[in-house]
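**Q** Quick one: this structure, given as structure tokens, is what I'll be asking you about.
Throughout, read-outs are computed from the coordinates displayed, never taken from laboratory work. As the structure is a prediction and not an experimental result, all values here were calculated from the model.
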């Protein structure tokens, strides 16, 4: 007739409940952490994705520059264009300032990664140009 | 000694002063003296003892002295034998006799074990028990002319036993069940909450994995932060380059001053202006200062050269 003290059962239940509270707190903390991490990842993903789409999209950048260079005013400027895997180099020993203004207006108004630029005034209407754009 | 002891059966009576001595491991079948319980033989409008038990508290309500009672009932023909007893009183007596509750194998009512008792039997120095209308009652031995000694060796114990509520006096069963039920429900609620929170967390982790694959991110956050930092620096530099160029292209210059060279290399922007006299560089630098641009300026051979880190 060895019975268990109900106070012991009560104490056991209280311990179990205390453990469950602790576990719940732990899981909720993990949930808060996971939510914060998810939001951070999403924000980072959007930022990285948009930055990459601007500065690391080779195809997009190449096509956009080709469209600019194909414009009538620039076709006549006889620009020297060299393309490689990582960049495009545009140069001219003598370019009309009007054409130069048109080209630079479009390049500077677009989001291109200009790594080198040299514009030297040759006369009132002529200038030389060296420019490299990377992606 | 009124308190007789067989190999296992033991008659427990409060008027017996003796302390029971026994060997370790020995177990007892306790037979409770009629002085340790209240009994009634009654007809009840129920079929089973189980149903009868529900009525016992009200049946004994007016006939018992104040105390914390437990109740039990057994069917006896068309009638019921109903019992009321105080667990604590019996436990205290067992303790007083030196019997550990661990060594108690079973507990019986004398009523059930002596239901076919013939004549009267002495249970202690002053009292005897005998059957009256099938109910075992106590009477002073002096009232009874012939009373034999209690002999437990011939008693065959019935299966009608009770279990004492050792802690019934601390908390009654109903309260205990209520508290227990509340605690169990609380535990269940917590388990459900844990499960729900855990599921939410798993769903969020899954969503995060989807974000990684959707945006083609690198496997670690460190790598992604590094990529972001790289492109952010490019973005910053390109914005700054355009900003600085716009300052010069919109700058108010003297009629003699002309920008002759704009050069950007190794993250540094160089602008050369010709046709400037010594001291004229101030007109340029003051405009750059107002924009908060950091620069180096030099004057050489009517040329002002401005150098800015991007």
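**Q** Does the range B:9-169 come out rounded, prolate or oblate by the C-alpha gyration tensor, with a ≥ b ≥ c the root eigenvalues, rounded set by a/c under 1.5 and, if not, prolate when a/b is larger than b/c and oblate if not?
**A** In terms of gyration-tensor shape, oblate.
**Q** For the protein assembly as shown, just run the numbers: alpha carbon Rg, then divide by 2.2 N^0.38 Å, N being how many residues it has.
**A** 2.30
**Q** Helix A:58-69: angle to the longest alpha-carbon principal axis of chain A, degrees 0 to 90, nearest 10?
**A** Here the helix axis deviates by roughly 30 degrees.
**Q** When 1/r is averaged over all different Cα pairs and the result inverted, which Kirkwood radius in Å belongs to chain B?
**A** Evaluated over chain B, this radius sits at 29.1 Å.
**Q** Treating the angle as unsigned and between 0 and 90°, give the value, to the nearest 10°, between the Cα long axis of helix B:173-214 and the longest Cα principal axis of chain B.
**A** The angle comes out near 20 degrees.
**Q** While we're here: Okay, helix-only estimate at 222 nm for the protein assembly as shown: each DSSP H run of n ≥ 4 adds -39500 (n - 2.57), divide by all residues, round to 500 deg cm²/dmol; what do you get?
**A** Using -39500 (n - 2.57) per qualifying helix, the result is -14000 deg cm²/dmol.
**Q** Once the Cα gyration tensor of chain A is diagonalised, what are the square roots of 5 times its eigenvalues, in whole Å and ordered largest first, as equivalent ellipsoid semi-axes?
**A** Working through the eigenvalues yields semi-axes of 71, 12, 10 Å.
**Q** How far is helix B:281-291 tilted off the main Cα axis of chain B, in degrees rounded to 10, range 0 to 90?
**A** 20 degrees
**Q** Roughly how many Å is it from the Cα centre of the range A:100-135 to that of the range B:49-113, as a whole number?
**A** 106 Å
**Q** When 1/r is averaged over all different Cα pairs and the result inverted, which Kirkwood radius in Å belongs to the range A:58-134?
**A** For the range A:58-134, inverting the mean 1/r across all distinct Cα pairs yields 12.5 Å.
**Q** Is the shape of the range B:178-228 best called rounded, prolate or oblate, per the rule: a/c under 1.5 gives rounded, else a/b larger than b/c gives prolate, else oblate, with a ≥ b ≥ c the square roots of the Cα gyration tensor eigenvalues?
**A** prolate
**Q** Another one. Which of rounded, prolate or oblate describes the range B:75-166 when judged by the alpha-carbon gyration tensor and an a/c cut-off of 1.5?
**A** oblate
**Q** Post the alpha-carbon centroid distance, the range B:210-240 to the range B:249-301, in whole angstrom.
**A** Between the Cα centre of the range B:210-240 and that of the range B:249-301, the gap is 35 Å.
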